[in-house]
Amino acid sequence: MADRDNSGKTPGAEESVGSSGTPPPGTQPASGKAPAPGRSGTQPASGNASATGAPPASAKAPASTGRSGTQRRSARAGRRDHDRLTPVRRSFLERYRTILVVVAGISIAGVLAGVLLVQTTAKAYACGSILAPAASSDPAALGQVASDLGRSHVKRGTSVRFAYCPPTSGAHYNDLPDGPIPAQFYPSDRTTLPQGWVHNLEHGGIAVLYSCTKGTCADADLAPLRSYVQSGPASPLCGRTDALLATRFDDLPTPYAVVGWDRVLYLPSLDLGAVATFYAQRGDKGPELQCAQAAPGASLSPAASAAPSGSTAP
């Protein structure tokens, strides 16, 4: 063992310390403390790992080859926040769907209401023209001859266009009670259709028509006509009591008209005598005979129509 001097130092130790007081490289100071960072005594000259195996300060950590779970969760959360914050652009139909539905509903309702109004106010028949009054070609026969419009049957509810009005023939209903209609007096507020009573004319019936636009529909003025029809005068050939009717019809050139098959008598005022004479001359003479006596050449039935009380048949 080396001898120590009185100071406790090993001989020759003084010689190992540089003149600057710094221990040689690779040695620890006498105090046992590590040298301060950055000093030449603690770093290898070449910059490689030191004798203790610690990596050099300038060495970088290897780059990561993938994101950690925390980074992925953070990225997903960022995308969700972006989706929530980014406004969604909706199409025109999506933005205004409710308004468009309401507008469409109102439009459809308006169209349906218009169609219903037209159907309820429009006439179930039409007139090509109003037959103008004309003198009779036979002075002994009342009324004027009208052109034959045929006598085809149409389904109930069918709208018919007549070449002229008032029609004395033409297409008509063949479905009771719409055609022929019951022979009676019809007040002005009870509508009948010509395609109904034209069928009565086909059977040899007579219709007395009155216009509320050309004349008057006051009850007092129509009372005599009502009484005459309700009395049920017998038809001239067959003796029928259901061959005469009276109804409102405004498409006339005069306040009153009496019509039979293919013949019309216009009256400027109610003349029951003229009505009775026309009934006697034209009653039971439709194309569909109602009795054998109505056949051409048959003798007249004694059941001729009498003139109403208070009237004089011409």
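With respect to Ser152, determine if the residue is more than 16 Å from Leu201 (Cβ to Cβ) and free of Cβ contacts under 8 Å to residues at least 40 places away in the same chain. When the stated conditions are applied, Ser152 does not pass them.
Sort out which residues of the range 210-243 are touching a Pro at 6+ places or on another chain (Cβ under 6 Å) and either crowded, with 24+ Cβ neighbours inside 10 Å or not assigned by TED's automatic domain parsing to the domain that holds Lys285 (or both), and write them in order of number.
Within the range 210-243, just Tyr228 meets the criteria.
Scanning the range 273-293 finds no residues that are among the charged types (D, E, K, R) and over 18 Å from Ala183 (Cβ atoms).
Taking the stated definitions as given, is Leu85 surrounded by fewer than 10 Cβ atoms within 10 Å (Cβ to Cβ) and either modelled with pLDDT of 70 or more or acidic (Asp, Glu) (or both)?
Criteria not met by Leu85.
The one condition from (1) under 36 Å from the mean Cα position of the chain (by Cα); (2) not in a helix (DSSP H, G or I) that Gln195 does not meet is (2).
Across the range 247-276, the number of residues qualifying as closer than 21 Å to Thr213 by Cβ and assigned to a strand (DSSP E or B) comes to 10. Residue selection: Phe162 fails the criterion of being under 28 Å from Gln293 (Cβ atoms) and out of contact with any His (no Cβ under 8 Å at 6 or more places or on another chain). Within the range 256-274, residues that are touching a residue at least 60 places away in the same chain (Cβ under 8 Å) sit with their Cβ atoms under 8 Å from residues that are surrounded by fewer than 22 Cβ atoms within 10 Å (Cβ to Cβ) and of a type in the set (Lys, Arg), at 6+ positions apart or across chains, in these pairs: Gly260/Lys285; Trp261/Lys285.
The values are calculated or read from the model by the stated rules, or taken from the named source; none is laboratory data. For clarity, every value in this text was computed on a predicted model and none was experimentally measured. Positions of Cβ are generated from backbone atoms using ideal geometry, with glycine treated the same way; all protein chains shown enter the neighbour counts.
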